[in-house]
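To keep things clear, I will list the structure first and then write my remarks on it.
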Amino acid sequence: MTKGTASMGKRSRFRLHLRCRRCGQPSYHKQKSRCSHCGFGATTKLRQYAWQKKSHPWNRDY
């Protein structure tokens, strides 16, 4: 009995992500206790990055 590809198929039986209380997305990880969509459980601030926002035309440098 080797631990490898055969064991990986048994990982898909259970639901890892639940619905988040803050954002409502099914992105809350049960084991990590953290939402991958909004950051609930890890921080009180909303998870957001600079690359998510569009840059304004007057700030673009062509």
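Just need log10 I(q)/I(0) for the chain at q = 0.13, 0.18, 0.21, 0.26 Å⁻¹, Debye formula, equal scatterers on the alpha-carbon atoms, no solvent, rounded to two decimals. Log10 I(q)/I(0), no solvent term: -0.57, -0.75, -0.84, -1.01. Listed by Cβ neighbour count within 10 Å, with the fewest neighbours leading, Thr43, Thr5 appear as Thr5, Thr43. Only the Cβ atoms of Lys and Arg (+1) and of Asp and Glu (-1) were treated as charged; on that basis the dipole of the chain about its Cα centre amounts to roughly 340 debye. Within a straight-line Cα-Cα reach of under 25 Å, Lys32 can be paired with the following lysines, leaving aside sequence neighbours fewer than 8 residues apart in one chain: Lys3, Lys10, Lys45. Loop-resident trypsin sites (Lys or Arg not before Pro) (DSSP state other than H, G, I, E or B) in the chain with no more than 12 further Cβ atoms inside 10 Å of their Cβ: Lys3, Arg13, Arg15, Arg19, Arg21, Lys30, Lys32, Lys45, Lys53, Lys54, Arg60.
Quick note: the coordinates plus some simple rules give every number you see, no bench work behind them. What you see is a predicted model; the values in this text were computed from it and never measured. Every residue, glycine as well, gets a Cβ built from its backbone with ideal geometry; the counts of neighbours run over all protein chains shown.
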